[in-house]
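These notes concern the structure reproduced below.
The values are calculated or read from the model by the stated rules, or taken from the named source; none is laboratory data. Since this is a predicted model, take the numbers as computed values, not measurements. Positions of Cβ are backbone-derived with ideal geometry, glycine not excepted, and every protein chain shown enters the neighbour counts. Ligands, DNA and RNA are stripped out before the accessible areas are found, and what is left, the full protein with its side chains, is counted by its heavy atoms. Shrake-Rupley method; radii C 1.70, N 1.55, O 1.52, S 1.80 Å.
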Amino acid sequence: METVTTQDITVNDLDFIIHYNPDICIMCGSCVAQCSFNAIEVAPQVRKHEPTQEGAKQGHKKKILFVIRQKTDLAHACVGCGMCVKVCPNQALSIEANPESRKNLLARTQGVIKRGGRASSYSLRTLDKIMVGRISQMTDPALDSERHTFDLRAPLGRILKAQDLPLKVDGQSLSLEKNCPPVRWIYPLLFSDMSIGAISTRAWEAIALACAYLNEECHLPVRMCSGEGGMPLKLLKSEQLKYMLLQIGSGHFGWNRIIKSLPLMRTDPAGIIIKIGQGAKPGDGGLLPKKKVAPHIQAIRGVPETALHSPPTHQGLYSIEESVQKMHLSLNAAFGFRVPVVIKCAASLTSVAVYNNLLRDPYHISGGFFLDGLQGGTGAACEISLEHTGHPIVSKLRDCYLTSVAQGLQGQIPLWVGGGVGLTGQAAADCFKLICLGANGVFVGKILLQLLGCVGDEHGRCNQCNTGKCPTGICTQDPRLIKRLDIDRGAEAIVNYVLTFDSELKKLLAPIGNSSLPVGRSDALITSDYAVAQKLGIAYAC
Amino acid sequence: MCRIGAIKSTTPFSPKIALELMLPQQEGHDNSGFALVMQDLAGAFVHYKDKPLLSMACTDKGIQLVNAYMEQHGFVQLAQWVPDVCKNQNLNIRAMPRYVFRTYDLPEIYQYRSQAAREDFLLDSRLELRELLSVDNNGYVYSFWPDVLTLKEIGDPYDIATYFHLWDDDSRLLAKNIVVQCRQNTNYDIVRYAAHPFFIQGYTLCANGENTFFTKNMELQKSLHRGYIGFESDSQTFLYSLHYVLHELKWPINYFKHVITPLLPEEAQERPDAKVLALIRKSLANLEINGPNTIIAMLPDSTLVSVCDAKKLRPVVIGRDKNLVAISSEVCGLNAILPHRNLSEDIYTTERELITINNALEVKRWKQ
Ligand code: SF4
Ligand code: SF4
């Protein structure tokens, strides 16, 4: 029997198998040249030779051919990004996901696996089990989504109880006796926090451009979060700052620069977001690998070239609660109490307690509770955190909303949720259902990257955002790769998607007869999953 | 859906007029019930206008329970009107064994208390009586308030009127204001408490339509006031919002319109009080109504109010002559009681106005 070195790794052990058709390959080499993961190479291949008469005389039975070959070592394993397929003029390559892959196991012999993307726990998606089931038929008229005026705005900022508003009756009108906490009235879809650094300047610019266009040309007050690490001074000083939420993460990167530019700001930002945790990797802190800390990132963040870790919590004072309280207070003060300060946490079994703390806070310092569920994406995380930590967003949102209802405090700290919104491509449906369950709005990140061209998914494709080798130029600082991203086309795709989102949201509002957002209208939803119905308090239908 | 109406007159009139207003609109409802609230009474209660009047329907056991309660809490009964009922078996009415309309003197200690304390005491007493009678279905307490009488029953409005002899002007049951409803209750169980008009502390309200924001409204209202209970009908929430804005927050009435049908942000921005409107909208987002609804309300001073939803999906019309103003779901009702009125003076309440009618029959149209 033939001997085999069984412990050698072959393509069958990898996540993706490349099929190559030498008959149509013209050996242009484009696929090899472009593969940022160096997963394929040109290699000689020995073939059986059908000899000519002359060749036969000379005894030639074999010949050498050059082919495109997949590398089999783990460091250069194909990630299935498909760029080689895109670049091949003759469609000589195709890629197949390998259900028999052993890579997950074998890679762990080389240390903790790090990657980007989101968890693969796709089967946990509750939103797909929920339908909009309360359709206006005879009892009340459905609206016409094309004809009626819809009022799709969501609050961002601390809202006071009506009886606590500083209003004075002045004849037939009410007048305001003193200022109230700032509240923005914005579109219920917010572009989530992805920093310049985690994503390329071009990708960030494309998103920012889309955001500005949606505001200025489409009159949709969409807001965008900067992500940790700050933003270019030029933008901090521009009018467009009003579309931005500035993020302060646990590494506090970029804040020196932001604070110093306060006197130069022409307008206030939309908000400040204190990031405690991220749904994709709760408790895992942030990580920007050294490879991605390019000179311009060093400049924006004010750091040397080194891997940048944001600790799992905001460090410092007596407790995290105290530290968050102090941060809220000082940030409120720094911006003259004109800018809502909100907090973002990973969804967790403890979220209700956190939300209660904020709701009951006597100083009214928190202007929003952003809850991030486990299907959110990340630029870099340990796979173990990605796959095994976190909490689904749906029931946690509902728990938080209902705890506020039980205390008559609903709506006072707007609930914004994310983490897998739009995972199936249909963000409007997700958004609508989450709003009915009590959210004021949703935030999205991963789908924006996907609209820019990211090919990563929850079935293991690509997700190499941590490597600095992003094949689409989105999650890298490598100038050659960045150039692959066409900013205008990317921004246009995002704008068009949001416009479709807007129309689709109206398409869901119209049949339930509502022209403004049905926050907490759980009576509009049904599910055929009894356990889901019980947990969320919505109607069971079968 | 229901048909609703209200009549205000400078001279007291009998419920017969209200029936004449409602019966032509029969095609719009299913004759499943009839209810009215009368305010500023004449007739049997004319000398007791400042004394709380208890309106309820109950069993014999219910009467005993109420008598014991009232005695125990120091109420002294003054006048009562016991309707002379027609026991004809062919009438379509699900009558209760007893109907009670009585005025009381407040317990002595309340003679010295503030108006607010008296109002709260009356509310609490009604809530306790309601609770007391709810055990074993012993009865229903509709209102307990000076100068206000409520009658509700399940059945055909025509037959209900016959049962209570409302067709005869016996001059014992007269008022200057009546808010009235004939109902079709397709959505929910036909229960007495679900029949409008609803009442709390001098505020009366009935509504036509479907409250699509019922869940949102109710979830907030449950925590706003102990009197906001029941929710047997999705329209009850409008009464509680009215009471909350006017009685609890003490805001001027135009803000009720701002609360229930807020302006679009871009419209509100143009207003001098833009900041106030923005604050109200955000703080009371849960009291917004977003369905097709028309509301008719009556305030403690007997002012009638008419408002519609922001899309004006449910119409309402107001007609008048010199001595009487009526609000009606359908114009055929007005034609029945005001056949000679000047039709060009009819008002169809728009989606952006709030209309009030005071006791001098002045109609004020306030544009939002
Ligand atoms: S699919 Fe991507 S990683 Fe795999 S060979 Fe092609 S370009 Fe390289
Ligand atoms: S394409 Fe880029 S952004 Fe998308 S998963 Fe791959 S590395 Fe990450």
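Data for the structure
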| item | result |
| --- | --- |
| Partner lysines for residue B:16 [C-alpha distance under 20 Å; skip if fewer than 8 residues away on the same chain] | B:8, B:87, B:152, B:176, B:322 |
| Global form of the range B:161-231, assessed from the alpha-carbon gyration tensor, a/c cut-off 1.5 | prolate |
| Longest segment of chain A lacking GluC sites (Glu not before Pro) that sit in a DSSP loop with at most 13 other Cβ atoms within 10 Å | A:306-542 |
| Pairs of Lys in the range A:11-111 closer than 15 Å at Cα, counting only those 8 or more apart or on different chains | 4 |
| Anisotropy class of the range A:117-217 from Cα gyration tensor, a/c 1.5 cut | oblate |
| Percent breakdown of C-alpha pair distances by 20 Å bin, ordered from the shortest bin, for the range A:128-540 | 27, 60, 13, 0 |
| Accessible area buried, both sides summed, chains A and B with 1.4 Å probe, Å² | 3200 |
| P(r) weight above 19 Å for the range B:68-157, C-alpha pairs, percent | 48 |
| Exposure rule at most 15 other beta-carbon atoms within 10 Å, DSSP loop chymotrypsin sites (Phe, Trp or Tyr not before Pro): chain B longest free segment | B:189-368 |
| Within straight-line cross-link reach of residue A:326, lysines at Cα separation under 17 Å, skipping those fewer than 8 residues along the same chain | A:275, A:344 |
| Partner lysines for residue A:234 [C-alpha distance under 16 Å; skip if fewer than 8 residues away on the same chain] | A:242, A:260 |
| The range B:135-201, Rg to Rh (Cα coordinates; Rh as Kirkwood inverse mean 1/r) | 0.96 |
| Distant-in-sequence amide H partners of residue A:120 (H built 1.01 Å from N, under 5 Å) | none |
| Most mobile listed residue (B:12, B:272, B:300) in chain B, GNM with C-alpha springs under 10 Å | B:272 |
| Ratio of Rg to Rh over the protein assembly as shown (Cα coordinates, Kirkwood Rh, two decimals) | 1.11 |
| Percent of Cα pairs exceeding the 14 Å cut-off, where the set is the range A:315-402 | 69 |
| Shape of the range A:190-279, Cα gyration tensor, a/c cut at 1.5 | oblate |
| Per-residue mean of C-beta atoms belonging to partner chains within 10 Å, peptide B:270-282 | 5 |
| For B:285-295, mean number of other protein chain Cβ atoms within 10 Å | 5 |
| Cα Rg, Dmax (largest Cα-Cα span) when computed across chain B, Å | 19.8, 63 |
| 10 Å Cβ neighbours from other chains, averaged over peptide A:159-169 | 5 |
| Bins of 10 Å from zero: percent of alpha-carbon pairs in the range B:228-363 | 11, 39, 34, 14, 2 |
| Efficiency of FRET from Cβ geometry, residue B:229 and residue B:50, R₀ 35 Å, rounded to 0.05 | 0.85 |
